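Working notes, beginning with the structure itself.
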Amino acid sequence: MPPYAQVEIKDGRVYSSRYEDIYYNTDDGAAESKYVFLSGNDLPARWQGKSHFCIAETGFGTGLNFLITMQAWLDDSVHCETLDYFAIEAYPLRAAQLVEIHTHWPDLTKFSEQLLEQYPERDSGCHSLSFERGRVQLHLIFDRLESCLSHYQLNPDAWYLDGFAPSRNPSMWTKEALNNIALQSRTGTSLATFTAAGEVRRNLISAGFEVRKRAGFGRKREMLCALKAKKDSGSSRRQYHLNNAPWFVTGKATKPPKNVAIIGAGIAGAQSAWHLAQRGINVVVIEQRDKIAAAASGNPAGLIAPKLTASAGAEEAFYLAAFEYQLRQINALNKLGHAIKFTPDGLMQLAYKQSLLSRFKSISARQDLHTDLVKLIDADETSGLLGEKVAYASLRIDRAGCISPIDLCRALLDHPNIRLKLATSLIAISYAGNHPQLSLSTGESLDVGALVLANGYQAGDFSSTTPITPVRGQTSTARLSADQSLTHAIRHAGYILNAPSQPRDVVFGASYVRGDHSDKLRESETRQDLDNLHANLPQLASGLRHIKPGHASVRATTTDRWPIVGPLADEAFYKREYADLHQGKHYKSYSAACYQPGIFMLSGLGSRGLTSAGYCANLLTHTLMGYASPAPVSIQHALHPARFLIRKLRKGR
C-alpha cells in the first residue's frame with residue numbers, strides 16, 4: 001500500500017512537502033498542461049481517425065493532465081475510437097484533496113466528477129476506471145516508476161513525462177529510468193516534458209529518442225519533445241531469452257477484429273461480450289441452452305468478495321484488483337438504468353478451526369491492507385452480529401456482498417453491439433483464410449474475426465492444451481423464520497447468503513464433487529450442506545423453513561486454481577520451438593509464441609467467477625485487440641492458456 005502524498009493546499013496552490021515543489025503552474029495549470037503535453041505530443045492530431053490510441057503518464061498527481069486529455073478527446077469530432085491512459089503514481093493524493101483542488105478548474109467539473117466517483121483506495125497495483133461507456137479507460141498504477149516499468153508492458157503512442165523537477169525528484173530522470181521508458185516505446189512513440197535540463201536531454205538521446213527543444217510555457221524558457229526513432233525489431237518472430245518468457249508473448253494486433261463470436265452466455269461469456277461491445281466490436285453470443293445464465297451462473301445468489309492471504313502475493317493481488325473492478329462495474333451499470341440487485345453488506349468468514357484463526361490474525365495484522373476492508377472480530381462480537389452464540393472469531397470483509405447473477409448477466413448482454421443466439425451449439429472450428437469459421441448446430445456457418453471460448457468446462461473440448469476439470473456444485477434454498485435475520489454473507493465450511501431477488505430467502509451450500517458432470521438436483525447434497533450449516537451455526541440452521549435443493553451445475557476449475565485467459569497456443573509450434581526447454585539451455589534464444597489464429601479462451605473461473613470474470617474479460621479484451629494489458633506481467637503469465645503446455649515441456653513431456 002503506497003504512502004499518501006504529503007501536500008499543502010492553499011488558494012489553488014498544491015505544494016509537495018516531500019519534493020519541495022509545486023504540482024502545477026498556479027497562473028494557469030490547465031493551459032500549461034495543454035501546451036506541454038497535448039501540443040508537445042501533437043495531440044489531438046495524432047489520434048484522429050485511429051481506432052485506438054494509448055498514452056502513458058509518469059506522475060498522475062492531481063489528475064489535471066488526464067482531465068485535460070479527456071476534454072480534448074471529447075471536443076474532437078474525429079478522435080480515435082478508444083483511448084487508454086496509463087498513469088503511474090508513487091504517492092497518490094487523497095480523494096478529499098482532489099475534490100478541493102478540482103474546484104479551481106470549473107471547466108473540467110464534468111470530467112472531475114466522473115473521476116472522483118471511481119477514484120480508488122491507495123492499494124498498490126493497477127486500477128482500471130471506465131469513462132464514456134468504456135471508450136476511454138484510465139489505468140491508475142499506484143507504484144514507483146522503476147517498479148512499474150519492470151512489472152508492466154505499456155508501449156504507448158505518447159508519453160507525458162510529468163514528475164517533479166529533476167533537481168527535486170532525480171530518480172525519475174536517471175539514465176536507467178529513461179532507458180526503461182525507451183524499452184517501453186516503439187518507433188514513432190512521442191514524448192513531451194516541461195523540463196529542458198541538459199542531463200535529461202542527453203539521457204533521452206542516449207536511450208534512442210530524437211529530441212528537440214521547444215519554447216516553454218509562460219516564464220519557462222524551454223521544454224523538450226522527442227520521438228523514438230531507432231528501429232526496434234517488432235516482428236512476431238523476434239528472438240527472446242528464456243527469462244523473458246517468449247512463450248507468453250502476445251504482441252500487437254495489426255488490426256482489431258470487426259466482429260467476435262463468444263461461446264457461452266454465463267458470466268464469463270456475458271462479461272467478454274460486454275467488454276468487447278464497449279470497444280465498438282459487434283459480438284454474437286452463442287448459447288447451447290434456451291436461456292442465459294443457465295449453468296454455473298444460474299444460482300439465485302452469488303458472492304462478490306476478494307480472496308485474502310496471510311501474506312501479499314500475486315493471487316491475492318489478482319483477486320483484490322478483480323473485486324474493486326467488479327464493484328465499479330456494478331455501480332456503472334446501475335447508473336445506466338440497469339437494476340442489478342447487489343447488497344454489499346459485508347462478508348463474515350468464521351474461524352471454525354484453529355488454522356483459519358491463525359490465518360485471519362495474520363491477514364488483519366498486515367499493514368498493506370486497509371482497515372476499512374478487513375477486520376478481525378472476536379467471538380463475542382461475532383455472536384452479536386450473527387444473532388447466536390458461537391465460540392469462534394471471524395474476519396469481516398467490508399463491501400463484499402450478495403448479487404443476483406442473472407441480473408448481472410442480463411445487464412451485460414443488454415448492449416446494442418451484442419446479439420444472442422440461444423439453443424445453438426458450436427460443432428466445429430475451421431478457418432476461412434486467417435479467421436475462424438464456425439459450424440453451428442443450426443446448420444449455419446459463421447465467419448468471425450475472432451472466437452472466445454467462454455462456455456465453462458466445455459471450453460476444453462476445443463483445446464487439448466488447456467486442462468479444465470469439471471466440479472459439480474449444488475446450492476439449496478430456504479426461508480428465514482419470522483424471528484431470524486441474516487445481516488451479512490457468511491462463509492463457514494460452506495456459505496449462506498441472502499437471495500437478493502427474494503426477501504427472507506437464503507441460499508446455502510455448496511457441494512463440491514470433482515469430475516461429476518451432472519446438473520440433476522440431489523436431496524443427499526442438500527442434507528449434506530444442511531448438516532454442514534448445523535455444525536457451525538446450529539441456531540440459524542434450525543430456524544430455516546422450506547428447505548429444498550436449489551440449483552446444480554458444473555464449475556470449470558484448473559489444477560493451479562488460476563483462470564484461463566488469453567489466446568490458444570499453436571500446439572505444433574510450441575512443441576517444435578520449445579522442445580528443449582527441459583534441457584535448461586540458459587544461453588539460447590527462442591522465437592515469440594505462435595497462436596491459433598483468432599481463438600481465445602476465458603474459462604477456469606472456479607467458484608469465484610462472479611468476482612473475477614469482469615476483470616478477466618477486460619484483460620482478455622486488451623489482449624484480443626492488441627492493446628497494452630492493465631495487469632502486471634506476472635498475472636498475465638499466471639492466466640496464460642499456454643502455461644500448462646509449457647510446464648509439460650519443461651519436464652520433457
Problem - Heavy-atom accessible area per residue - the range 333-462, 1.4 Å, Å² - result: 46
Fill in the blank from the handout: Mean projected area, convex hull of alpha-carbon positions in the range 1-146, reported to one decimal in nm², is 8.4
Fill in the blank from the handout: Correct semi-axes for the range 158-202, from √(5λ) of the alpha-carbon gyration tensor and rounded to whole Å with the largest first, are 18, 11, 9
Completion exercise
note: the range 92-198, Cα-Cα separations exceeding 20 Å make up a percent value of 53
Exercise for the section: Mind ranking 625, 1 by accessible surface for me, highest first, 1.4 Å probe? Expected result: 1, 625
Exercise for the section: Could you name the lysines whose alpha carbon sits less than 26 Å from that of residue 585, not counting residues in the same chain fewer than 8 places away? Expected result: 575, 648, 651
Practice task
Report the antiparallel proportion of the DSSP beta bridges in the chain as a percent, rounded to a multiple of 5.
Solution key: 65
Practice task
Please turn the phi angles of the range 433-438 into ³J(HN,Hα) values with the Karplus equation 6.51 cos²θ - 1.76 cosθ + 1.60 (θ = phi - 60°), one per residue in order, whole Hz, x for glycine and proline.
Solution key: x, 10, 10, x, 10, 9
Problem - Label-zone membership for the range 1-21, site residue 103, 7 angstrom Cα→C-beta point, backbone N under 15 Å - result: 9-14
Exercise for the section: Go through the range 258-271 residue by residue and turn each phi into a ³J(HN,Hα) via Karplus (6.51, -1.76, 1.60, θ = phi - 60°); whole Hz please, and just put x for glycine and proline. Expected result: 8, 9, 9, 9, 10, 9, x, 10, x, 5, 5, x, 5, 5
Practice task
Normalise the Cα radius of gyration of the range 492-588 by 2.2 N^0.38 Å (N = residues in it) and let me know the number.
Solution key: 1.77
Exercise for the section: Whenever you get a sec, line up 529, 570 from highest to lowest accessible area (probe 1.4 Å, protein heavy atoms). Expected result: 570, 529
Practice task
Please give the length that would be gained between residue 518 and residue 375 if that part of the chain were fully extended, namely 0.36 nm times their separation in residues minus their C-alpha to C-alpha distance (nm, one decimal).
Solution key: 47.6 nm
Practice task
Return, for the Cα atoms of the range 412-466, the radius of gyration and Dmax in Å, separated by a comma.
Solution key: 12.3, 35
Completion exercise
Bounding extents of the range 368-453 in its principal axis frame from Cα atoms, largest first in Å, are 65, 31, 26
Exercise for the section: Before rounding to the nearest 500, sum -39500 (n - 2.57) across all DSSP H runs of length at least 4 in the chain and divide by the residue total; then give [θ] at 222 nm in deg cm²/dmol. Expected result: -8000 deg cm²/dmol
Exercise for the section: With a probe of 1.4 Å, find how much accessible area the range 103-202 has per residue, and write the answer as a whole number in Å². Expected result: 41
Problem - Kirkwood-type radius of the range 520-653, with distances r between different C-alpha atoms, in Å - result: 18.3
Completion exercise
Computed D for the range 2-72, Stokes-Einstein, Kirkwood radius over alpha-carbon pairs, 10 °C, 1.306 mPa s, to the nearest µm² per second, is 116
Exercise for the section: Report, to the nearest whole %, how much of the accessible area of the chain belongs to carbon and sulfur atoms, 1.4 Å probe, protein only. Expected result: 48
Problem - FRET efficiency estimate (nearest 0.05) - Cβ-Cβ, residue 309 to residue 199, R0 45 angstrom - result: 0.55
Fill in the blank from the handout: Two pseudo-spin positions, 7 Å from Cα along C-beta at residue 335 and at residue 502, lie apart in nanometres by 3.3
Problem - Added length on full extension, which subtracts the Cα-Cα distance from 0.36 nm per residue, residue 444 to residue 545 - result: 31.5 nm
Exercise for the section: Show which aspartates and glutamates lie in cross-link reach of residue 291 when reach means a straight Cα distance below 17 angstrom and same-chain residues fewer than eight apart are skipped. Expected result: 407, 414, 519
Exercise for the section: Quick one: dipole size for the range 437-550, taken about the Cα centre, charges +1 on Lys/Arg Cβ and -1 on Asp/Glu Cβ, in debye to the nearest 20. Expected result: 460
Problem - Kirkwood hydrodynamic radius of the range 359-410, from inverse mean 1/r over distinct Cα pairs, in Å - result: 12.8
Fill in the blank from the handout: For residue 220, counting only lysines whose alpha-carbon sits under 27 Å away and dropping same-chain residues fewer than eight positions off, the answer is 10, 34, 175, 228
Practice task
State in Å² the accessible area per residue of the range 519-613; use a 1.4 Å probe, count heavy atoms of protein chains only, and round to the nearest integer.
Solution key: 45
Exercise for the section: Please work out the Cα convex hull volume for the chain and give it in Å³ per residue. Expected result: 166
Practice task
Working with all protein chains in place, sort 361, 651 by solvent-accessible area computed with a 1.4 Å probe, largest first.
Solution key: 651, 361
Practice task
Return the distance in nm (one decimal) between the two label points of a simple spin-label model at residue 212 and residue 133, each offset 7 Å from Cα along Cα→Cβ.
Solution key: 3.9
Handout entry: Residue-span extension gain [residue 150 to residue 482] - 0.36 nm each, minus C-alpha spacing
Key = 113.8 nm
Practice task
At 7 Å along the Cα-to-beta-carbon direction for both residue 575 and residue 383, put a label point, then send me their distance in nm to one decimal.
Solution key: 6.3
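The values are calculated or read from the model by the stated rules, or taken from the named source; none is laboratory data. Predicted model, so just to flag it, every value in this text is computed and none were measured. No Cβ is skipped: glycine too gets one built from the backbone with ideal geometry, and neighbour counts run over all protein chains shown. The accessibility values were calculated without ligands, DNA or RNA, using every heavy atom of the protein model including side chains. Shrake-Rupley method; radii C 1.70, N 1.55, O 1.52, S 1.80 Å.
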